[in-house]
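S.K.: One structure, pasted below without further comment.
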Amino acid sequence: MVASSAVKFGIDRRRVAQLLSQTSNAACAGDRIDALSRSFLGYPYMANPLIGSAHTAEEFTASLDGFDCVTYIETVLALSRARRVDDFADWLRKIRYEQGRIHWRRRNHYMTAWIRNNICNGILRRVSPGAAATVSRERVLNVVPGLAARKIRLRCVPKPALRRLYLQTGDLIFFASTRRNLDIFHCGIVIRDGQSVRLRHASRSRAMVVEQELSEFLKTNRMAGVIVVRPQEFNRATARITPSTARGISST
């Protein structure tokens with residue numbers, strides 16, 4: 001049986017406040033995501049940063065000092081939606097866990113579930129060139145110990161059809177695995193500067209958060225296709241979310 005979940009959210013409030021102050025005047029979600037994601041360039045890659053398993057308690061935690069590819073986009077997305085320091089913890093909880101409930105089995109372990117749940121939450125929306133330009137892939141997800149195998153079907157955009165999408169700054173891009181038992185093998189943030197389209201991501205091979213041309217990543221990595229989602233615009237000043245008990249943010 002899984003032990004009870006715990007809230008252990010030791011984040012420096014002053015650092016969070018400083019990050020939020022950088023985007024206080026940015027009305028566009030893409031601009032906020034650009035500024036926040038740039039702040040973490042060069043930060044170290046951190047393998048398996050989350051705490052919890054099928055047999056140990058889930059601890060709601062985060063780091064502003066290092067990331068894997070998923071916690072990088074989660075952290076940036078949560079910060080981009082936060083107006084105050086405590087909002088950051090609430091948004092991160094809602095983004096990371098199904099229905100915002102802190103429990104290992106409620107964590108969005110597979111990224112197709114992560115995408116689906118955050119679309120249902122109204123945080124993201126799918127960006128697609130249309131059904132005719134996408135392909136369907138069947139997967140049996142079984143790489144997370146303790147979770148029952150799950151058969152899914154995902155739709156993704158093959159690399160040649162990606163040119164039909166107008167990617168914009170702040171889009172989140174997910175790379176579909178060619179493995180039969182995995183849905184997504186990597187993810188990152190799109191940055192557009194005119195005709196240049198770059199990828200910001202926490203790279204295991206480069207051991208840090210980096211920025212590179214998206215075309216370079218596509219050329220050097222095998223994939224079944226890509227899934228693109230776009231953060232929904234909203235008014236941070238009036239946004240409301242269900243409060244959590246995750247207020248234990250350190251003041252160090």
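The values are calculated or read from the model by the stated rules, or taken from the named source; none is laboratory data. In this text the structure is predicted, and so the values were computed from the model without any measurement. For neighbour counting, all protein chains shown are included, and Cβ atoms are generated from backbone atoms with ideal geometry for every residue, glycine included.
S.K.: Here are the criteria: (1) of a type in the set (D, E, K, R); (2) surrounded by 15 or more Cβ atoms within 10 Å (Cβ to Cβ); (3) modelled with pLDDT under 95. Tell me which single one R84 does not satisfy.
M.R.: Condition (2) is where R84 drops out.
S.K.: Quick test for you: out of R206, R164, R200, R153, pick the one residue that is in contact (Cβ under 8 Å) with a residue 12 or more places away in the chain, surrounded by fewer than 21 Cβ atoms within 10 Å (Cβ to Cβ) and under 29 Å from A47 (Cβ atoms).
M.R.: Of R206, R164, R200, R153, the one residue that is in contact (Cβ under 8 Å) with a residue 12 or more places away in the chain, surrounded by fewer than 21 Cβ atoms within 10 Å (Cβ to Cβ) and under 29 Å from A47 (Cβ atoms) is R206.
S.K.: Next question, about the same structure. Report the residue count in the stretch 48-73 for those that are outside any loop (DSSP other than H, G, I, E, B) and surrounded by 23 or more Cβ atoms within 10 Å (Cβ to Cβ).
M.R.: 4
S.K.: Still on this structure, I have one more. Name, by its number, the condition in (1) farther than 20 Å from G122 by Cβ; (2) outside any helix (DSSP H, G or I) that does not hold for S21.
M.R.: (2)
S.K.: Here are some residues: G42, G30. Which one is part of a loop (DSSP other than H, G, I, E, B) and modelled with pLDDT of 95 or more?
M.R.: G42
S.K.: OK, next. Restricting to the stretch 114-163, and then to whatever is in contact with a Leu (Cβ under 9 Å, 6 or more places away or on another chain), of a type in the set (G, A, S) and farther than 23 Å from K219 by Cβ, can you tell me which residue is modelled with the lowest pLDDT?
M.R.: Among residues in the stretch 114-163 that are in contact with a Leu (Cβ under 9 Å, 6 or more places away or on another chain), of a type in the set (G, A, S) and farther than 23 Å from K219 by Cβ, the one modelled with the lowest pLDDT is S136.
S.K.: Which numbered condition trips up F185, out of (1) without any contact (Cβ under 8 Å) to a residue 40 or more places away in the chain; (2) more than 20 Å from the chain's Cα centre (by Cα)?
M.R.: (2)
S.K.: Could you tell me whether R179 is at negative phi and either of a type in the set (D, E) or part of a loop (DSSP other than H, G, I, E, B) (or both)?
M.R.: Criteria met by R179.
S.K.: Starting from residues that are among the hydroxyl-bearing types (S, T, Y) and part of a strand (DSSP E or B), keep the ones in the stretch 182-207 and report whichever is nearest to V144 (Cα to Cα).
M.R.: The extreme case among them is S203.
S.K.: Of A89, A132, A82, which residue is free of Cβ contacts under 8 Å to residues at least 12 places away in the same chain and either not hydroxyl-bearing (S, T, Y) or not assigned by TED's automatic domain parsing to the domain that holds F40 (or both)?
M.R.: When all the criteria are applied, what remains is A132.
S.K.: Considering only the stretch 134-161, how many residues are under 20 Å from the mean Cα position of the chain (by Cα) and part of a helix (DSSP H, G or I)?
M.R.: 0
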